[in-house]
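The values are calculated or read from the model by the stated rules, or taken from the named source; none is laboratory data. Remember, it's a predicted structure, so these values are computed and weren't measured experimentally. Please note: Cβ atoms are built from the backbone with ideal geometry, for glycine as well, and neighbour counts cover all protein chains shown. Protein only, heavy atoms only, side chains kept; ligands, DNA and RNA dropped before computing areas. Shrake-Rupley method; radii C 1.70, N 1.55, O 1.52, S 1.80 Å.
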Amino acid sequence: MAIDRRQFLQGAAAAGVGVAYSGLSLAQTNEPIRLGLLTVKTGPLASGGIDMERGLELYMKEHGGMMAGRKVEVIVADTGGVPATALTKTQELVERSKVHVLTGPLAAFEALAIDDYIRAQKMPILSVAAAEDMTQRKPNPWFVRATSSSSQCSHVMAHYCATVLKYKRMILIADDIAYGQEMNAGFQRVFEENGGKVIQKLFPPLTTPEYGSFIAQLKKDADAIFLGFAGSNGFRFIRQLNEFGSAGKMKIVGGMTALDESVLRNMGDEALGIPTVCWYSADLNNPINVKFAPSFRKAYGYDPGYYGAGTYVNAEILNAALVSIGGKAENKDALMAALKKTNVQTARGPVTFDTYGNVVGNIYIRKVERKDGRLVNSVVHTYPDVSQFWKYDPKAFLANPVYSRDWPPAKNLE
Amino acid sequence: MRRNYILLLALLICLPWFSGEYYVNLASQILIAAIFAASLNLLVGYAGLTSLGHASYLGLSAYISAWLSLRMGLGHAVTAPAALLLTTLIGCGFGWIALRASGLGFLMLTLALSQIVWGLCYRWVGVTNGDNGLSGLTRPSPFGIDLGNSSAFYWFVLIITVAALYSIARFVNSPFGATLRGTRDQWRRMSSLGYNVWGIRWVTFVFSSFLGALAGLLYVYFNKYIHPSVMSVTVSAEALLAVIAGGSGTLAGPVVGAALVMLLKNYASAYVERWNMLMGIVFVFIVIVMPAGIVPGTLALLRRLRGGPR
């Protein structure tokens, strides 16, 4: 057994050396750019993770597998949604597959688990995960995020609820994970600064089969409830709310993953009219998205949402950055500098990055409508060029602790 | 046999010189998993007590060392022994509770205790940083050797693995080990012979939790990040699978089992999309073909092929 393994390792090492030498001897342009995708294909987060792979796959198909005139080889790694595996898989992509650039991972704790390693390896990464501090109090110089920080969209929704919908008293509910806590905290801060009151905050565990005990607690005299759920939880909560006969009695608004296109296809009329907020909608009417969304739907049978669009937009940004440096993905410093200077039209609209590597872009208020027999999040209002700091000064914003269950303190709970 | 072991050890020492960095890191993880599985094997294989909560000790020692260095600003010279000591003390307490039962009751108690610790790590955000986990950790540099280097870290883990496995071998081959096996096979008879069955089991439990803590320390050094998922039932169950697949109650079994699990999880998953299913099929195959585990099964097969006595 030992000898077998030694032979195997020697073979593998020889193959690795061979690849490295052939890379040196050939001209750079003959070798493909290797793009590593960190995603989740097994476990509870898999539906979003598979969308991530599909979004990227579609981009590659549309562009003949090329970026900036070079072939692109996509290497997919399944992290299983486990932090330790995310690190191993990142090591595999970087050390064994020798990728030039990474995209993903999906979950905040995965991004945090590989943070140190990304810094040490100086590996450019276009993230999908929303963890606030990755672009705030502990910004990673190799990390850019074209999707959204946890609260970037909920700030906007809070402003819309307070000023347009004129809600005064609201309930916030979200999954009890960092993402949900950060999202609700951002909502609470902007909502209360615009004259509203958060009268109740609830955090059910991520894997709650039954929301009955939480629905029973809801304050009856609230104007509306904000759903900060991820995955299929928003869909399950709304369905159970209806089963409890609360349909129509409580107005609902949602965060950026509460009624994602990936779960909307499973819903019925109970979803109609619910406003949500996101940096993307499959219904978005811009020249890129009017091609992307229908071809995604044609290929996979449903609309692209947060995750499918996330990797597609990342690929567009990566392509633009590679074009600007003549396709030389091997020069990581130049690639990173080009990524940070991104100013490109994408499926989500125009994208630029702030100095912390987080996107400044449009955020959309959408409303669920029925079009051509299927439910869509149709855009009703656009907040242009929203930063992760909303309207606050970045320095003042960063002087506060990171958003959490306890910060900012809720003073109006009843 | 001894010559084979020395040959294997020499091979393992040489590994970083002929394989890439990725394989060195993978080997470090396999060794850490091997220590962890071997520590669980003390309970499952030698004491006959199936625990489904062993990840607690891995997680506790990782969290304690991370917390002491991040929040208290202590160096590795303090955090490492403190983490081992505190985790072993918790092991003393947990052993005292769990050993009120044996068999299924013991399994449920260890599961319940580990769920309490896991839940605490998730919800006690002020200490554990909840779902965001603790990051910004470092590896120690004993005698000025920087363990940030993956080869240096691998040798460091290898030394500790050899020491841990050697101590386990000494432990189970000692007269105490013989009485331990006695309590596994015939606890009533051992009791009537005047042996303190509970005490023997408790000492083993504590030693096992100490070795689990050792694996946890190496785990947090390797990952430089710690998240509550390390305490989940899945991690405990995976270690138990490694022990059973490799061969419980043998020295080499858990090591082989841990290597198998890590290779399936981290290596095969790059090629096989449904690697969870592959893992399931492999385990079903082992249970059907080699019910005693890979190591005893292979040895029996070899004996049969040589035509020797079964």
Completion exercise
Per-residue accessible area, 1.4 Å probe, largest first, puts A:VAL360, A:VAL379 in the order A:VAL379, A:VAL360
Practice task
Note the angle between two axes, namely the Cα long axis of helix A:289-300 and the longest principal axis of the Cα atoms of chain A, as a number of degrees from 0 to 90, rounded to the nearest 10.
Solution key: 80 degrees
Handout entry: Cα centre as origin, Lys/Arg/Asp/Glu Cβ charges: the stretch B:130-269 dipole, Debye
Key = 460 debye
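Provide the packing ranking of B:34-45, B:185-196, A:364-375, i.e. peptides ordered by the mean count of other C-beta atoms within 10 Å per residue, highest first.
Result, highest mean first: B:34-45, A:364-375, B:185-196.
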Completion exercise
Losing no less than 20 Å² of accessible area (probe 1.4 Å) relative to the isolated chain, the residues of the stretch B:126-156 are B:ASP131, B:ASN132, B:SER135
Exercise for the section: Using the heavy atoms of the protein chains and a 1.4 angstrom probe, tell me the accessible area per residue for the stretch B:21-231 in square angstrom. Expected result: 39 Å²
Handout entry: Those lysines that a straight Cα-Cα span of less than 30 Å connects to A:LYS411, excepting residues fewer than 8 apart in one chain
Key = A:LYS138, A:LYS166, A:LYS168, A:LYS197, A:LYS201, A:LYS219, A:LYS220, A:LYS249, A:LYS251, A:LYS391, A:LYS395
Fill in the blank from the handout: So, over other residues within a Cβ distance under 15 Å of A:ASP372, counting Lys, Arg +1 and Asp, Glu -1, the net charge is +2
Completion exercise
Looking only at aspartates and glutamates whose Cα falls under 17 Å of A:LYS367's and that sit 8 or more positions away or on another chain, we get A:ASP260, A:GLU261, A:ASP269, A:GLU270, A:ASP283, A:ASP303
Fill in the blank from the handout: Distance in Å, no decimals, from the C-alpha centre of the stretch B:7-43 to the one of the stretch A:227-278 is 49 Å
Problem - Relative contact order, percent, the stretch A:180-261 [alpha-carbon distance under 8 Å, six or more residues apart] - result: 32 percent
Exercise for the section: Using only Cα atoms, tell me the angle between helix A:108-121 and the longest principal axis of chain A; keep it within 0 to 90° and round to the nearest 10. Expected result: 30 degrees
Exercise for the section: In debye, nearest 20, what is the charge dipole magnitude of the protein assembly as shown about its Cα centre with +1 on Lys and Arg Cβ and -1 on Asp and Glu Cβ, if you could check? Expected result: 1380 debye
Handout entry: Rounded to whole Hz, the Karplus (6.51, -1.76, 1.60) HN-Hα couplings of the stretch B:55-68, x for glycine and proline
Key = 4, 3, 6, 4, x, 4, 5, 5, 5, 4, 5, 5, 5, 4
Problem - Residues in the stretch B:214-242 occluded by at least 20 Å² - accessible area, probe radius 1.4 Å, against chain by itself - result: B:TYR219, B:PHE222, B:ASN223, B:LYS224, B:TYR225, B:HIS227, B:SER229
Completion exercise
Sequence order, the stretch A:198-209: Karplus ³J(HN,Hα) from phi using 6.51 cos²θ - 1.76 cosθ + 1.60, θ = phi - 60°, Hz rounded, Gly and Pro as x, gives 8, 9, 7, 10, 10, 10, x, x, 4, 9, 9, x
Fill in the blank from the handout: Nearest-0.05 FRET efficiency for A:LYS71 and A:VAL290 at R0 = 22 Å, using Cβ-Cβ distance, is 0.20
Exercise for the section: Would you mind giving the mean number of other chain beta-carbons within 10 Å of the Cβ of each residue in A:36-46, as a whole number? Expected result: 1
Exercise for the section: Return the average number of partner chain Cβ atoms within 10 angstrom of each residue Cβ along peptide A:75-85. Expected result: 5
Problem - Farthest positive-ward along the stretch A:172-330 dipole, Cα basis, beta-carbon charges - from A:PHE203, A:PHE191, A:PRO275 - result: A:PRO275
Exercise for the section: Can you figure out the FRET efficiency of B:ALA169 with B:ALA112, using R₀ = 30 Å and their beta-carbon distance, to the nearest 0.05? Expected result: 0.40
Practice task
Return a whole-number percent for the relative contact order of chain B, with Cα pairs under 8 Å and 6 or more residues apart as the contact set.
Solution key: 31 percent
Exercise for the section: Using the structure shown, select from A:LYS291/A:LYS371; A:LYS41/A:LYS340; A:LYS41/A:LYS328; A:LYS41/A:LYS89; A:LYS61/B:LYS265 the pairs with a Cα to Cα distance greater than 22 angstrom. Expected result: A:LYS41/A:LYS340; A:LYS41/A:LYS328; A:LYS61/B:LYS265
Exercise for the section: Report, in deg cm²/dmol and to the nearest 500, the calculated mean residue ellipticity at 222 nm for the protein assembly as shown, where each DSSP H run with n ≥ 4 adds -39500 (n - 2.57) and the sum is divided by the residue count. Expected result: -17000 deg cm²/dmol
Practice task
Taking 7 Å along the Cα-to-C-beta vector as the label spot, tell me the B:LEU193-A:LYS341 distance in nanometres, rounded to one decimal.
Solution key: 8.0 nm
Exercise for the section: First measure r as the distance between the Cβ atoms of A:THR208 and A:LEU272, then evaluate 1/(1 + (r/R0)^6) with R0 = 22 Å and state the FRET efficiency to the nearest 0.05. Expected result: 0.35
Completion exercise
So the A/B interface buries, both sides summed and with a 1.4 Å probe, an accessible area in Å² (nearest 100) of 3100 Å²
Handout entry: Alpha-carbon gyration tensor eigenvalues x 5, square-rooted, for the stretch B:21-231, Å
Key = 31, 21, 13
Fill in the blank from the handout: Rounded to the nearest whole number, the per residue volume of the convex hull around the C-alpha atoms of the protein assembly as shown in Å³ is 179 Å³
Problem - Farthest positive-ward along the stretch B:21-231 dipole, Cα basis, beta-carbon charges - from B:HIS76, B:ILE160, B:VAL197 - result: B:VAL197
Exercise for the section: Calculate what fraction, in whole %, of the accessible area of the stretch B:21-231 sits on carbon and sulfur atoms when a 1.4 Å probe is rolled over the protein chains. Expected result: 68 percent
Fill in the blank from the handout: Between the Cα axis of helix A:2-25 and the main Cα principal axis of chain A, the angle (0 to 90°, nearest 10) is 80 degrees
Exercise for the section: Assign unit charges at the C-beta atoms only (+1 for Lys and Arg, -1 for Asp and Glu), then state the dipole size of chain A relative to its Cα centre in Debye, rounded to the nearest 20. Expected result: 380 debye
Practice task
Report, as an integer, the average count of C-beta atoms from other chains found within 10 Å of each Cβ along A:108-120.
Solution key: 4
Problem - Heavy-atom accessible area order for B:HIS54, A:HIS381, largest first, 1.4 Å probe - result: A:HIS381, B:HIS54
Completion exercise
Accessible-area order for A:SER148, B:SER141, largest to smallest, probe 1.4 angstrom, reads B:SER141, A:SER148
Handout entry: For the stretch A:114-215, with +1 on Lys and Arg beta carbons and -1 on Asp and Glu, the positive-most of A:ILE114, A:SER213, A:THR135 along the dipole
Key = A:THR135
Handout entry: Relative contact order for chain A, counting Cα pairs under 8 Å that sit 6 or more residues apart, in percent
Key = 17 percent
